[in-house]
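See below for the structure under consideration.
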Amino acid sequence: MKKLISILMSTVIIMTTFIILSAGNTAGAALPPEIYLTAPNQHYIAGEEITFEMKIPADVIKDVVYVQLFIDCNTDVLKFRTAEQSKGELAVTETEKGYTIDFYPWYMATNTETFRATLTFRVSEGDIDVNAYALLQYRDSETTREAMLVEDLPDNTVFSADELPRLIVQGELAIYRKGDTIYLPYSITKSELRSKIRSTHKEYPADYKVLYKTDTEYALTGDELSVSFDGRQGETVRICILGDADHNGIVNAADARKTLRYAAKLENFPEDFSEGCDLDNVAGASAGDARKILRIAAKTDTFDPPEFTIKQGEEFTISKLFNGGSGSYNWHCTVSDGKAFEISDTFTPPDSDVFAPGTPYEQTFFFKALKKGTYRVDFRLQFLSTDTYDEVFSFIINVE
């Protein structure tokens, strides 16, 4: 019995020693902290810009003095343009190998936020080879330490603009587009949305992705259309249905009630709510948002039209507007001041290989700003010369 106890105690001592040694080795060989450099859904396209996003988690940045990012590349092909970051200071140095970028996020000493920076480069024709790594300087040490740089950068290939498929956003959808999101002030079916957003390449069609798995025929906030190329997701647009708080694609009194419950904290506040239903410029759900949505549902109010600013003498176009096919319905444009713009329009017939009687023609409107001021522009898909119309959209132009 004593011999058995002795054996068990020896085993425990050996195992304890092994665990302690293992823990020490693990601590000594701790993984370096992770920081992130990404350019998701982008390609190197000659003549265009590309953005790299730098992200450093708060648990990393709170203990460092600065971060050095090294981007080795041929600078005649990838030319640094600008940089923006959340807070702190930033210095960019061009070297024989590429670029050295120093971040000094001084405000992070006690902050718990993630540090972010955006780096913009101009791409030129030529062969490209981009490699990146990063070093950290800690507050309690004079030595630097290499970080684990998690990358999601494009493949080292420069494309010409016509090689890549793009999304064509047609008609009024282009007016409601802001960045990669289209903020629609009305309901739209998925099939209609697909018909108004298409790819420039037939062999790479636009792919529709849904966020909420529902049986509704309507497009919902969070749905996406994208086009892929070379194994990567390319240009993407997200859909946001304004006022649709309950995610069914339709704006009605139920959305107002839902918004009011969010404002009163009777229901959990969804992360994407403010994107489509924050209508009173007060952060988060509020009673003002609920009242606005209720008025819109009752058709006693409308969403504010989007605004754009241009220079006097500047020209712009509104394209991809399709008429009623037979010519009985055409798009008509009116401006709050008839002398503010020089306006003309053209009709383009459909491709001959898809033409059929009644196939819509494409209308394109050309504008030239003649005088300074703020003007409302209204478009209506109107029946002949009557006041009957099927569709309408508006926007505000500020001419400086």
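Since every read-out is calculated from the coordinates, none of them should be taken as a lab result. These figures come from a predicted structure and were not determined experimentally. Methodologically, a virtual Cβ is constructed for each residue, glycine included, from the backbone with ideal geometry; neighbour enumeration extends over all protein chains shown.
Each of the peptides 366-377, 173-184 was scored by the mean count of other Cβ atoms within 10 Å over its residues; in descending order, highest first, they stand as 173-184, 366-377. Multiplying the residue separation of THR100 and ARG261 by 0.36 nm and subtracting their alpha-carbon distance yields 52.9 nm.
Fully extending the segment from THR51 to THR157 would add 36.6 nm, taking 0.36 nm per residue of separation and subtracting the current Cα-Cα distance. Does the range 51-208 come out rounded, prolate or oblate, given a ≥ b ≥ c as the square roots of the eigenvalues of its C-alpha gyration tensor, rounded meaning a/c under 1.5 and, failing that, prolate meaning a/b above b/c? Since a/c reaches 1.5 but b/c is at least a/b, the shape of the range 51-208 is classed as oblate.
For an R0 of 56 angstrom, estimate the FRET efficiency from the Cβ-Cβ distance between ALA91 and SER195 and round to the nearest 0.05. Efficiency for this residue pair is about 0.70.
Amide hydrogen proximity for THR181: with H placed 1.01 Å from N in the peptide plane, the residues at 5 or more positions away or on another chain lying under 5 Å are ARG238. Model label points for ASP140 and THR317, set 7 angstrom from Cα along the Cα-to-Cβ axis, are 6.3 nm apart. Placing pseudo-labels 7 Å out from each Cα toward the beta carbon at GLU362 and VAL150 gives an inter-label distance of 4.2 nm. Highest mean packing first, where packing is the average number of other Cβ atoms within 10 Å per residue, the peptides 331-337, 194-200 line up as 194-200, 331-337. Label sites at SER336 and THR309, each approximated as a point 7 angstrom past Cα along Cα to Cβ, lie 1.7 nm apart. Maximal additional length on extending the PHE347-ASN74 stretch stands at 93.7 nm, based on 0.36 nm per residue less the C-alpha distance.
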